[in-house]
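Student: Just dropping this structure here.
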Amino acid sequence: MLRIDPSDAIPIWKQIEEGVHRLIATGTLGPNDPVASVRELARELRVNPLTVSKAYRRLADAGVLTVRRGEGTYVSDRPPTMAADERRRKLRDAARRYAGTARTLSAGLEEGLDAAREALLELDGQRPAEASDASEGASAGEPKTPPTHPRKHAP
Amino acid sequence: MTEAKPGPIIDVEGLGVRYGKTAALRDVSLQVPPGAVTALLGRNGAGKSSLVRCLLGHRKPSSGRVELLGLDSWRHRAQLMEQIGVVPEDPDAPPTMTAEQLGRFSARLYPEWDAKGYAARLQRFDVPGRIAFARLSKGQRAQIMLSLALAVKPRVLILDDPTLGLDAVARRAVFEELVVELADRELTVLITSHDLPGIESIASHVAILKAGELLLDEELEQLKSRFRRIALGRVDGRGDRDADGSDLFEGLGPLEVRSRGRGIEALVSRFDDSAFERLRALPDVHSVETWPATLEDIVIALTDGGSH
């Protein structure tokens, strides 16, 4: 569930921190659910326990996790979502990485945006075929509508 | 200052080791703080084993000093033995002794011997207790050595390539056991390894030796944040520039610069955002991409040939 890439430039503690945020965002972890102990997670990922501990401490400081003495660590009652500016920065960074790949594949603006939209819809459980519904009417030659499709799947 | 900063657990200062006329180590200084896991890396023959031998008090430094837990490793070897767990590069134990016999033997040597922990680790490793050491696989022998080392409840653990020659399952089990031990109590580790992907997620610090000299000793996170691969997709007007393109990466500490078609790729050792933005803004440079450098990339770039 929680996957890390030790060779990435992003420090492992940050990958764990973001991983927990992601598990909460996708609903894999709900309020008050127990999370793996530092020892268990370190063992599972084979990373230095201090690294896991750092991630957990930051998550606890941010109110995402709650440590119950003698019991373990849990997702908070109402875990706060990521701070707005951090969220924006992450989204922009990820988009830049994607843009690099798209450019490598010499995808133009439209093709690149389409692929991103398709991937997002897929993640929401819509098949790519349905995605074409949103842009129906746009014939092959015309530019397609910008990616302002309505969010059908508001969480 | 009211609080004394805890001194390093391993403190090597100006260490030199000579074998006859050959210098195995030259002026090596290295500090391992409490709780750190320092990966000592370098090519074969770079001096890792010489350094480990000095740490264990098996060899007297030709110059400089080596201290563990504040004690000179050569003069206080016997005293230190009780606080240091060791997994030697070549697991050696009397060939006819079984794991159980080795445990009973060690119990008499060490006052703090943890018999229960020893038995539990052998069980987790799935190592048979009653088969002679010489008849076990390389992985099983290494696992016995690690179990023996940890049963001493050491404050310092010195692992000399503990996963060398082990298969993927045995290697994973060794790293898992190490991680659990780190979670359970305060332990300082120095580990040499060629398994760079395996060590990359466990090490907190990295020290790199090359031809007997220490190239660096720093936190892994910092090391990885300053190394980066950069690819410039297309660079115009190359005629009037340096042949290899190193000038483009000025201020970024380029190590491996290669042209690739009309573009240029480099591994840089001093990546920072402002230098990168300058590069991105150069009018002759079309498209800039970056990738993280793995520990393996970094070690290879620093220790392969050349004089960086």
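Computed from the coordinates by the stated procedures, all read-outs in this text should not be read as laboratory data. Since we're looking at a predicted model, the values are computed, not measured. Neighbour counts run over all protein chains shown; Cβ positions are idealised from the backbone, glycine included.
Student: Set Lys and Arg Cβ to +1 and Asp and Glu Cβ to -1, take the dipole of the protein assembly as shown about its Cα centre, and tell me which of B:PHE133, B:HIS194, A:THR28 lies farthest positive.
Tutor: B:PHE133
Student: Within the set B:LYS60/B:LYS153; B:LYS138/B:LYS224; A:LYS14/B:LYS116, which residue pairs have Cα atoms separated by over 31 Å? Don't skip to the answer; put the middle values down first.
Tutor: Details: B:LYS60/B:LYS153 26 Å; B:LYS138/B:LYS224 33 Å; A:LYS14/B:LYS116 36 Å.
Beyond 31 Å: B:LYS138/B:LYS224; A:LYS14/B:LYS116.
Student: Report the charge-dipole magnitude of region B:81-201 in Debye, nearest 20, computed about the Cα centre from +1 at each Lys and Arg Cβ and -1 at each Asp and Glu Cβ.
Tutor: Details: 14 positive and 18 negative charges, 108 e Å.
Taking the Cα centre of region B:81-201 as origin, the dipole is about 520 debye.
Student: Here's a follow-up. Enter the mean number of other protein chain beta carbons within 10 Å of the beta carbon of each residue in B:109-119, as an integer.
Tutor: Working: counts 0, 0, 0, 0, 0, 0, 0, 0, 0, 0, 0.
Counting Cβ atoms of other protein chains within 10 Å of each residue's Cβ and averaging gives 0.
Student: So, counting K/R as plus one and D/E as minus one, what does the shell of residues with Cβ under 13 Å around B:SER137 add up to?
Tutor: On the way: positive: B:ARG135, B:LYS138, B:ARG141, B:ARG171; negative: B:ASP126, B:ASP167.
Surrounding charge for B:SER137 is +2.
Student: Another question, then. Could you pull out the GluC sites (Glu not before Pro) across region A:18-64 that fall in loop regions by DSSP (anything but H, G, I, E, B) with no more than 15 other Cβ atoms inside 10 Å? Before the final figure, lay out each step's value.
Tutor: On the way: sites: A:GLU18, A:GLU40, A:GLU44; in loops: none.
Passing both the DSSP loop test and the Cβ count: no residue.
Student: For region A:1-101, what is the relative contact order in percent, using Cα pairs closer than 8 Å and at least 6 residues apart in sequence?
Tutor: Values: 90 pairs, mean separation 25.3, N = 101.
Relative contact order for region A:1-101 comes out at 25 percent.
Student: Can you list, largest first and rounded to whole Å, the semi-axes you get for region B:174-246 by taking the square root of 5 times each eigenvalue of its Cα gyration tensor?
Tutor: Numbers: eigenvalues 293, 46, 22 Å².
The answer is 38, 15, 10 Å, longest axis first.
Student: Could you tell me the largest-minus-smallest coordinate of the C-alpha atoms of chain B on each of the three principal axes, in descending order and whole angstroms?
Tutor: Over chain B, Cα extents along the principal axes are 75, 48, 41 Å.
Student: Please report the relative contact order for region B:142-300, taking Cα pairs under 8 Å with a sequence separation of at least 6, and give it as a percent rounded to a whole number. Walk me through the intermediate numbers first.
Tutor: Values: 210 pairs, mean separation 31.8, N = 159.
Relative contact order comes out at 20 percent.
Student: Loop-only check: which GluC sites (Glu not before Pro) in region B:271-308 are DSSP coil with at most 10 other Cβ within 10 angstrom? Show your work: numbers first, answer last.
Tutor: On the way: sites: B:GLU277, B:GLU289, B:GLU296; in loops: none.
For GluC sites (Glu not before Pro) across region B:271-308 that sit outside H, G, I, E and B with at most 10 neighbouring Cβ atoms in 10 Å, the list is empty.
Student: Here is a follow-up. Over the Cα atoms of region B:164-308, each weighted equally, I'd like the Debye log10 I(q)/I(0) at q = 0.14, 0.20, 0.22 Å⁻¹, rounded to two decimals.
Tutor: Cα-only, vacuum Debye calculation for region B:164-308: -0.76, -1.19, -1.35.
Student: For chain B, the longest stretch holding no trypsin sites (Lys or Arg not before Pro) located in a DSSP loop with at most 10 other Cβ atoms within 10 Å is which?
Tutor: Numbers: sites that count: B:LYS21, B:ARG130, B:ARG185.
After excluding every exposed loop site, the longest remaining stretch is B:186-308.
Student: Sticking with this structure for a sec: Bin by bin, in steps of 20 Å, what percent of the Cα pairs in the protein assembly as shown do you find, going until the bin that has the longest distance?
Tutor: 20, 46, 28, 6, 0
Student: Excluding B:LEU164 itself, what net charge comes from residues whose Cβ is under 13 Å from its Cβ, given Lys and Arg +1 and Asp and Glu -1?
Tutor: On the way: positive: B:LYS48, B:LYS138, B:ARG141, B:ARG171; negative: B:GLU89, B:ASP90, B:ASP160, B:ASP161, B:ASP167, B:ASP195.
Charge balance near B:LEU164 sits at -2.
Student: Indicate, rounded to the nearest 5 percent, the antiparallel portion of the DSSP beta bridges found entirely in chain B.
Tutor: Numbers: 39 of 56 bridges.
Bridges in chain B that DSSP calls antiparallel: roughly 70 percent.
Student: Could you please rank B:ILE131, B:ILE230, placing first whichever residue has the fewest other Cβ atoms within 10 Å of its Cβ?
Tutor: Details: B:ILE131 13, B:ILE230 23.
Least crowded to most crowded, the residues run B:ILE131, B:ILE230.
Student: Run the numbers on chain B and let me know its relative contact order in percent, using alpha-carbon pairs under 8 Å that are six or more apart.
Tutor: Over chain B, the number comes to 19 percent.
Student: With a cap of 10 neighbouring Cβ atoms within 10 Å, and only residues DSSP puts in a loop, list the chymotrypsin sites (Phe, Trp or Tyr not before Pro) found in region A:1-76. Don't skip to the end; give the middle numbers.
Tutor: Working: sites: A:TRP13, A:TYR56, A:TYR74; in loops: none.
Passing both the DSSP loop test and the Cβ count: no residue.
Student: When the Karplus curve 6.51 cos²θ - 1.76 cosθ + 1.60 is applied with θ = phi - 60°, which whole-Hz ³J(HN,Hα) does each residue of region B:220-227 get, with x for Gly and Pro?
Tutor: Using θ = phi - 60°, the values come out as 4, 4, 5, 4, 6, 6, 9, 9 Hz.
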